[in-house]
Amino acid sequence: TLEEHLLTGCAASSLETVGWEGVWGCVFMVPVLLVLNTIPGDDHDVYESLPDGLHMLQGCSQLQVLVGTWMMSIALYNFVGMQLCRNLSAVTRCLVDCMRTGVIWALQLGLHYFVSAKYGHPWTANSKLQLMGFVLLMLGTFVYNGIITIPVFGRRRDQTQLPARVLQATWSPTV
């Protein structure tokens, strides 16, 4: 992956890589927000009102704390992901990223059923479909990373045919 290349092939630190991801995210989102600010919708007659959002952010200290906390948690998550990628492999990061979905979903169900119905999210008619999607996501990740092989789809090239650089980048001592 690009992250793995930056962390192992270049002299970029994890913090620098996460910072540049944030910069590029902002660079790409500004035009998107400008476009959404011109599409007709329900938010002050546009799909997404940037001036209204900035006004709400400026006038509410609780919202400022929530947005700041959210930004810091995303930065911390990406930094930890970079450390996983640098010290283990991109495969491990993919697996942890997939498990994040399941952990959050299980936490929401647990909060709803074991703490209070006010919190979390209940099991709904669509939850079976969500569970099947999660299982498919995990299965796809395992197949893509070579942890599970499905004979019907054929085999990938033998690992002896792969260049040593690719083998080093995809090897994980924990898998």
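The values are calculated or read from the model by the stated rules, or taken from the named source; none is laboratory data. For clarity, every value in this text was computed on a predicted model and none was experimentally measured. For neighbour counting, all protein chains shown are included, and Cβ atoms are generated from backbone atoms with ideal geometry for every residue, glycine included. For accessibility, only protein heavy atoms count, side chains too; no ligands or nucleic acids. Shrake-Rupley method; radii C 1.70, N 1.55, O 1.52, S 1.80 Å.
What is the one condition in (1) free of Cβ contacts under 8 Å to residues at least 12 places away in the same chain; (2) open to solvent by 50 Å² or more (accessible area, probe 1.4 Å); (3) assigned to a helix (DSSP H, G or I) that Gly68 does not satisfy?
(2)
Considering only helices (runs of 4 or more DSSP H) fully contained in region 83-175, which possess at least 1 residues that are at pLDDT 75 or above? Working first, answer last.
Details: elements: 90-110, 127-144, 164-170.
By residue number, 90-110, 127-144.
Name the single residue that is nearest to the chain's Cα centre (by Cα) among those in region 90-109 being without any contact (Cβ under 8 Å) to a residue 24 or more places away in the chain and within 17 Å of Asn126 (Cα to Cα).
Ile104
List the pairs whose first member sits in region 21-41 and is within 19 Å of Asp52 (Cα to Cα), whose second member is surrounded by 10 or more Cβ atoms within 10 Å (Cβ to Cβ), and whose Cβ atoms are under 6 Å apart, counting only residues at least 6 apart or on separate chains?
Here the result reads Leu33/Leu50; Leu36/Tyr47; Leu36/Glu48; Asn37/Val46; Asn37/Leu50; Ile39/Tyr47; Gly41/Tyr47, each pair linking region 21-41 to a residue that is surrounded by 10 or more Cβ atoms within 10 Å (Cβ to Cβ).
Criterion first (under 30 Å from Ser13 (Cβ atoms) and of a type in the set (Phe, Trp, Tyr)) does Trp70 satisfy it?
Values: under 30 Å from Ser13 (Cβ atoms): yes; of a type in the set (Phe, Trp, Tyr): yes.
The answer is yes for Trp70.
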